[in-house]
1. Tell me, which residue of the stretch A:35-50 that is under 26 Å from the mean Cα position of the chain (by Cα) and more than 30 Å from A:THR130 (Cβ to Cβ) is farthest from the other protein chains (Cβ to nearest Cβ)?
2. Taking the stretch A:608-624, which residues are part of a strand (DSSP E or B), of a type in the set (Ser, Thr, Tyr) and in contact with a Gly (Cβ under 7 Å, 6 or more places away or on another chain)?
3. Would you point out the residue of the stretch A:695-737, among those that are within 17 Å of the chain's Cα centre (by Cα) and among the β-branched types (Val, Ile, Thr), that is surrounded by the most Cβ atoms within 10 Å (Cβ to Cβ)?
4. With the checklist (1) surrounded by fewer than 17 Cβ atoms within 10 Å (Cβ to Cβ); (2) touching a Gly at 6+ places or on another chain (Cβ under 6 Å) in hand, flag the one item A:VAL410 doesn't pass.
5. Specify which of the listed residues (A:GLY687, A:GLY606, A:GLY614, A:GLY647) is at pLDDT below 95 and either touching an Asp or Glu at 6+ places or on another chain (Cβ under 7 Å) or acidic (Asp, Glu) (or both).
6. So how many residues does the stretch B:6-20 have that are surrounded by fewer than 19 Cβ atoms within 10 Å (Cβ to Cβ) and either out of contact with any Leu (no Cβ under 7 Å at 6 or more places or on another chain) or not assigned by TED's automatic domain parsing to the domain that holds B:GLY71 (or both)?
7. Which is exposed (fewer than 15 other Cβ atoms within 10 Å of the Cβ), out of contact with any helix residue (DSSP H, G or I) (no Cβ under 7 Å at 6 or more places or on another chain) and not assigned by TED's automatic domain parsing to the domain that holds A:LYS82, of A:GLU157, A:GLU145, A:GLU168?
Amino acid sequence: MALDEYRPQEGDEAYEGPREFRQVGTRPDRPDGFDKVTGRARFGADMYAPGMLHAAILRSPHAHARIVRLDTSKAEALEGVKAVVTRADFSKNVIFAPGTVGEFWNILENIMAGEKALYDGHAVAAVAATTPLIARDALKLIEVEYEILPHVTDVDEAMKPGAPVIREGAADRSVPEGMHPNVVRYHESGHGDVEAGFAEADLVIEDHFTTEATHQGYIEPHACLGTLGADGKGELWCCTQGHWYVQKVCAALLDLETANLRVTASEIGGGFGGKTTVFIEPVALALSRKAGRPVKLVMSRAEVFRATGPTASASMDIRIGMKKDGTITAAQGTFRLQGGAFPGAPMEFTAMCAFACYDLRHVRQVGYDVMTNRPKQAAYRAPGSPMAAFAVESVIDELCNRLGLDPIEVRLKNAAREGTKASYGPTYPRIGLVETLEAARAHPHYAAPLKPGQGRGISCGFWFNYGGETSVSLALSEDGSAQVMVGTPDIGGSRASMALMAAEVLGIPYENIRVTVADTGSLGYNEISHGSRVTYASGLATIKAARDAVRKLRQRAADKWGIDVEAVDWVDGCAVPSGPNAGDFDPLPLAEITKTMGATGGPISGHFEATPEGAGVSFATHIVDAEVDRETGKTRVVRYTVVQDAGKAIHPTYVEGQFQGGAAQGIGWALNEEYIYGEDGRLQNPGFLDYRIPVASDLPMIDTVIVEVPNPGHPFGVRGVGETSICPPLAAIANAVSNAAGVRLRDLPMRPSRILDELEKQRDDA
Amino acid sequence: MTKIHVTARINGDEVEFLCDPRETMLDVLRDRLGLIGAKEGCGTGDCGACSITLDGRLVCSCLMLGVEAEGREIGTVEGIAEGENLHPLQRKFIEHAALQCGFCTPGILVAAKNLLERNPDPSEEEVRYWLAGNLCRCTGYDKIIRAVLDAAAEMREAS
């Protein structure tokens with residue numbers, strides 16, 4: 001065996017050109033399907049440990065209040081209660097810093113209140129007891145004296161002089177002087193001279209838009225089971241999109257050495273960005289350390305709504321100028337996002353995504369991150385982008401209507417292409433927006449007749465996509481099967497995609513590969529499953545790890561044949577002699593090499609560790625038909641088509657699933673979903689009855705078209721597909737409503753009462 | 001609080017358990033009997049992830065008390081397959097990729113099976129309204145509806 005086997009592999013990310021795939025692009029059954037249809041799959045709340053305690057969290061009923069006195073003694077005295085924790089039981093070494101620099105402090109302050117409760121639902125204490133019922137009873141015995149403070153929950157109100165200050169000193173240096181202390185971060189970008197551009201326009205439309213906070217709405221509430229000893233060593237089982245991140249945060253908040261906490265990701269019952277967070281895990285571990293027993297902590301649905309990540313709400317001003325021929329001459333946007341009682345609302349993404357679909361000479365965008373007395377916002381599928389698309393694509397539609405232009409032709413005329421300087425700075429490599437628009441124009445849906453009362457809406461959408469730190473390990477078994485260890489939790493069928501890519505490279509059947517989401521003790525660091533990065537980055541790493549194993553397999557064949565490794569090819573799962581040695585030896589199948597690997601140099605594995613940076617940006621065009629009931633104000637989506645660029649669809653069925661799921665969430669955001677706060681600053685609808693996500697009878701079938709414009713930054717051309725699909729629906733539906741009923745809704749959701757108000761104004765105007 | 005002794009039949013097997021009168025059937029299934037297939041998504045009967053059958057009727061086990069199971073017949077997702085043979089609905093859910101995260105899947109399978117026992121030839125609209133009490137946040141329901149209709153067609157052909 002040559003030492004050469006262990007030289008690090010080059011981390012080339014370049015697209016390798018079109019090829020015929022054997023396995024990639026097929027639609028096999030997912031490897032975890034059997035477990036998930038039989039009830040065997042284990043999610044966050046499905047783990048039990050000997051001697052396990054059950055925990056519950058006491059939460060503030062006030063939007064903003066100073067905690068004057070907190071007495072847990074009666075709860076501690078209740079029979080069956082084994083531990084109570086408050087902020088005093090967490091690290092004192094986590095330092096406050098302005099903006100998002102002090103993110104660990106922000107997380108600590110969010111998961112257990114310090115001096116003040118900052119929103120309705122903010123945690124103030126937690127209990128572990130022998131049964132869930134005793135834990136709940138114990139919460140009632142905790143005495144908290146609050147001094148109620150003035151509160152603010154609306155983004156525009158929170159920026160006004162005299163608004164209650166959530167936290168002095170939270171603003172970072174990006175914020176211009178003279179702003180209210182609740183404005184904590186500021187962004188501006190763009191190029192050209194927008195005023196000169198507006199002067200060239202035949203029509204300029206300027207409008208104000210708002211979107212409400214919506215929740216990711218995963219059906220599985222946050223859940224974990226933690227064990228932490230006084231020796232500082234612990235085990236944690238939890239539902240998360242990123243267990244290395246959970247490990248890192250828990251270690252910091254509890255003064256542990258990171259490696260001493262082993263975190264295992266459970267099956268995850270939906271995340272959509274909302275489980276890129278840490279809420280309950282450090283609490284369970286702190287309780288466990290105090291009680292000396294494993295502690296299980298499961299949120300109720302009301303807790304999920306009150307205290308976990310809704311998306312930011314937004315207040316936006318958009319101004320766009322257009323010539324009579326449809327050319328956009330200039331575009332400008334101001335985006336104010338509230339992200340709850342902490343910095344971090346994704347206003348820079350909103351600003352940067354807003355005009356990313358278009359080739360613009362003059363563009364400028366400004367963003368404000370504003371704090372209010374609401375829960376800390378969390379990422380939600382293309383965080384920040386859908387609200388921008390709602391505002392911008394609504395104005396473009398209005399311009400098309402007033403100038404009598406076709407909405408797809410106008411978008412094609414202005415579409416960003418390879419070589420376009422993006423509104424947010426970089427120059428695009430090969431991208432697929434034009435191809436999605438052309439496919440939408442050619443789709444039968446676009447030409448289908450509409451019934452009376454129906455309207456059709458078009459919208460485009462954009463998301464960056466992401467790479468990030470990634471480790472993958474692949475181990476071959478003696479019988480020639482392969483285990484692939486990835487570190488990105490499978491939130492939508494990614495194990496099937498990884499197995500397909502590994503099978504493609506190794507040349508063995510899909511069924512002979514088992515993909516496992518490894519725990520933090522079994523693999524190198526992996527960033528969270530976010531940014532649509534899994535199929536791109538873990539996929540790239542899987543391909544590279546498989547090639548690393550293939551290189552070693554070729555070396556073993558070369559050693560056996562006594563020829564140079566460069567003279568050995570890998571074809572259809574076999575080593576074959578090539579060049580001058582072609583035909584000298586019979587092909588050597590993978591399983592023949594692994595059968596004797598112990599004697600020929602030891603076990604054969606492949607690895608890849610890197611931070612891929614070639615995630616290709618993603619575009620989509622959606623077509624929707626909506627029907628507005630003029631008597632009730634109810635809007636019904638009657639036909640929906642998603643056209644999106646996937647780069648290369650590894651498992652097309654699960655790509656379609658991402659398209660459909662994003663569209664459905666966008667429909668909910670557009671029509672039904674919103675956080676409703678009362679005058680008292682309390683959330684009025686913390687349950688699925690009053691926060692209504694789309695149900696089966698609300699939706700039509702959702703048609704999909706997968707466009708494949710290869711990503712130049714992935715060997716097979718893969719682009720992430722998870723997030724972009726939620727960007728177009730908000731505007732597409734608003735545009736359909738406008739075309740159906742002649743009313744332009746500028747505030748989401750487009751609930752019946754709002755539609756009726758607009759219809760009434762329409763009648764008054766007539 | 002004194003616990004109550006309950007005898008019930010679950011997926012065909014006689015089962016005995018002690019439970020607190022405040023405990024839900026869902027908690028009994030999961031925490032006392034180790035039947036973790038039923039999930040708690042809301043605890044208020046709005047999401048359907050905890051769906052079971054009670055004497056053949058579809059119910060949310062989070063809205064039922066454990067003590068109410070006395071003498072009753074209960075069906076859960078664990079009882080849908082026959083030994084190693086998956087029910088057609090289970091096979092079609094895998095085939096159509098009618099699940100992404102899979103958390104709502106047990107409840108949807110219990111509900112869909114109950115529908116097909118009453119109506120072997122449902123229309124798309126009937127499937128959509130029957131499953132309106134089962135929330136799925138991942139799929140947009142498209143592939144779920146197709147899987148149920150396909151399973152129904154296969155079962156009609158087989159019978």
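1. Ranking the qualifying residues of the stretch A:35-50, first place goes to A:ASP35.
2. Step one: list which residues in the stretch A:608-624 are part of a strand (DSSP E or B), which gives A:608-610, A:618-624.
Remaining after also requiring of a type in the set (Ser, Thr, Tyr): A:618, A:621.
Result: A:SER618, single match.
3. A:THR724
4. (1)
5. On the way: A:GLY687 fails: at pLDDT below 95; A:GLY606 fails: at pLDDT below 95; A:GLY647 fails: at pLDDT below 95.
Step by step, each of A:GLY687, A:GLY606, A:GLY614, A:GLY647 is checked, and only A:GLY614 is at pLDDT below 95 and either touching an Asp or Glu at 6+ places or on another chain (Cβ under 7 Å) or acidic (Asp, Glu) (or both).
6. The number of residues fulfilling the criteria is 8.
7. Numbers: A:GLU157 fails: exposed (fewer than 15 other Cβ atoms within 10 Å of the Cβ); A:GLU145 fails: not assigned by TED's automatic domain parsing to the domain that holds A:LYS82.
Of the residues listed, the single one that is exposed (fewer than 15 other Cβ atoms within 10 Å of the Cβ), out of contact with any helix residue (DSSP H, G or I) (no Cβ under 7 Å at 6 or more places or on another chain) and not assigned by TED's automatic domain parsing to the domain that holds A:LYS82 is A:GLU168.
Table: residues versus (1) buried (at least 22 other Cβ atoms within 10 Å of the Cβ); (2) farther than 30 Å from A:GLY432 by Cα; (3) among the charged types (D, E, K, R).
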| residue | (1), (2), (3) |
| --- | --- |
| A:VAL571 | no, yes, no |
| A:PRO589 | no, yes, no |
| A:THR596 | no, yes, no |
| A:ILE604 | yes, yes, no |
| A:ALA610 | no, no, no |
| A:GLU627 | no, yes, yes |
| A:GLU631 | no, yes, yes |
| A:VAL643 | yes, no, no |
| A:PRO652 | no, no, no |
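The values are calculated or read from the model by the stated rules, or taken from the named source; none is laboratory data. Bear in mind the structure is a predicted one, so any value in this text is a computation, not a measurement. Here the Cβ is made from the backbone with ideal geometry for all residues, glycine too, and neighbour counts use every protein chain on show.
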